[in-house]
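The values are calculated or read from the model by the stated rules, or taken from the named source; none is laboratory data. Since we're looking at a predicted model, the values are computed, not measured. Heads up, the Cβs are rebuilt from the backbone with ideal geometry, glycines too, and the neighbour counts pull from every protein chain shown. Areas reflect the complete protein model, heavy atoms only, side chains present, ligands, DNA and RNA absent. Shrake-Rupley method; radii C 1.70, N 1.55, O 1.52, S 1.80 Å.
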Amino acid sequence: MIRPFGWNEFLIIVMAAQWTIALSAIAFAGGGIGGLLIALARVSDVRPLRLAALGFIRVFQGTPLLMQLFLVFFGMNIFGLAINPWIAATIALTLHASAFLGEIWRGCIEAVPSGQREAATALGLKYYNRMRYIVLPQAARIAVAPTVGFLVQLIKGTSLAAIIGFTELTRQGQIINNATFSPFMVFGTVAVLYFILCWPLSLLARRMELKFSRATQR
Amino acid sequence: MYEFNFAPVFASFDQLLLGAWLTIRLSCAAMLLGLIVSIICAWGKTAGPSLIRFVINAYIEIIRNTPFLVQIFFIFFGLPSLGLRLSPNSAALLALVVNFGAYGTEIIRAGIESIQKGQVEAGTALGLSKLQVFRYIIMKPALRTVYPSLTSQFIYLMLTSSVVSVISADDLAAAGNDLQSATFASFEVYIVITLMYLALSIGFSAIFAAIEKMAFKYPLSR
């Protein structure tokens, strides 16, 4: 039965945005922790650790997110876990975000002048305190704008979870489209909702970037 | 314990190679067409009247702030209701061109803005036409400046193109989907596909590095 695309259908799609937001938030939080570890491993003095982090980044930046989702989704079965789109999407997006944030943050850590680290070492600060109080706070200032920029990419990336059957914004759109068969309205609505989520973040990232480049020019 | 079974995957490897070939062709065609779109839009954005600038800005912001998956659904399922019916492969190409065009415009605009005004003025003073100034004074060094961003955007485009498998275009990921539903060796199929994508991105990076060495041999400044 084909029903028209009305107010109810519109609301169902709008409500589905909460799952997009939830998935993005979890992946961003997980990716933040993973990304920090990857970034620290990338700049560490231990060569194997550096190489392992580099390999991790290369693999995740050199393969499609869709394949990463499929591998986690079907791989869970192999490890004896029940196939669950929620968990699969969360794991895959977290790993994906870890690799990208790790690479972004590595650049930010390396942008902190090496004299800062040397001075901290000369003052007798050990690795943890050196990173915690000297290097990372300065790197964080540089990192904010590109991190917000990546968040936009991550929110858009969560749409691929629809393909493994996770019901978020895009999947809900597909379901409604199958019932109403008005793809122009349905996917138009879905696109507008993504735009409302992403655009403010994009503007924020650009403004911070501009502010930062002005601050460093002086 | 799960037993891996790669035999059926390699038995149909030629199918996967065919898919990979379409992924390569699709990405290259999308990049070439997308580059043309980008250059035109970048010109319009830096030199055009305010209405054109507004339209180009809207295009860039809309594309960059919505997922590619939604864009391709919109093009493949939404456009037919406007009377534009496309085959999966053409819809995939159109979606990739539109998508790459938005990112490419911003990249090339950044390159154009890196050209100092004096260069353009010098070109005009030498009696070059507007098009000649754009072609020789602006575009040539601008493309060199943004070459690294453009190539990484291309790799990203190629990886993104795996999404077109959802509208059953015949790319590498779709070949994987077909093989997966025929053999049920899902994990093995996608491991092989993922490695093929990895090989493609490594291979293209190497090719781009070689092109960079050949094309940009001339020194930056005297």
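At a glance:
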item: Residue in segment A:114-131 that is within 19 Å of the chain's Cα centre (by Cα), away from chain B (no Cβ under 14 Å), β-branched (Val, Ile, Thr) and surrounded by fewer than 22 Cβ atoms within 10 Å (Cβ to Cβ) present; result: no
item: Residue count, segment B:1-50 (criterion: of a type in the set (Gly, Ala, Ser) and within 14 Å of chain A (Cβ to nearest Cβ)); result: 3
item: Test: residue in segment A:196-203 that is in contact with a Gly (Cβ under 9 Å, 6 or more places away or on another chain), within 12 Å of chain B (Cβ to nearest Cβ), of a type in the set (Gly, Ala, Ser) and free of Cβ contacts under 8 Å to residues at least 24 places away in the same chain; result: no
item: 2 or more residues within 12 Å of chain A (Cβ to nearest Cβ) and not basic (Lys, Arg): qualifying helices (runs of 4 or more DSSP H) within segment B:56-152; result: B:68-73, B:88-113
item: Segment A:184-218, subset open to solvent by 20 Å² or more (accessible area, probe 1.4 Å) and in contact with a Leu (Cβ under 8 Å, 6 or more places away or on another chain), residue farthest from A:GLU9 (Cα to Cα); result: A:LEU201
item: Filtered residues of segment B:108-147 (kept if touching a residue at least 40 places away in the same chain (Cβ under 8 Å) and either surrounded by fewer than 19 Cβ atoms within 10 Å (Cβ to Cβ) or more than 18 Å from B:GLY48 (Cβ to Cβ) (or both)); result: B:GLU113, B:MET139, B:ARG144, B:TYR147
item: Condition met for B:VAL166 (more than 16 Å from the chain's Cα centre (by Cα), within 14 Å of chain A (Cβ to nearest Cβ) and in a helix (DSSP H, G or I)); result: yes
item: Given (1) open to solvent by less than 60 Å² (accessible area, probe 1.4 Å); (2) out of contact with any Asp or Glu (no Cβ under 9 Å at 6 or more places or on another chain); (3) within 29 Å of A:PHE150 (Cα to Cα), number of the condition B:ALA42 does not satisfy; result: (2)
item: B:ARG25 under 30 Å from A:THR20 (Cα atoms) and within 17 Å of the chain's Cα centre (by Cα); result: no
item: B:SER27 in a helix (DSSP H, G or I) and under 19 Å from A:LEU66 (Cα atoms); result: yes
item: Selection count, segment B:154-168, where residues are surrounded by fewer than 21 Cβ atoms within 10 Å (Cβ to Cβ) and of a type in the set (S, T, N, Q); result: 1
item: Matching option when the condition is part of a helix (DSSP H, G or I) and at pLDDT 95 or above, among B:GLY34, B:GLY19, B:GLY44; result: B:GLY34
item: Residue in segment B:169-203 that is least open to solvent (accessible area, probe 1.4 Å), counting only those that are more than 9 Å from chain A (Cβ to nearest Cβ) and among the β-branched types (Val, Ile, Thr); result: B:VAL192
item: Positions within segment A:171-193 being without any contact (Cβ under 8 Å) to a residue 60 or more places away in the chain, within 7 Å of chain B (Cβ to nearest Cβ) and within 22 Å of the chain's Cα centre (by Cα), in sequence order; result: A:ALA191
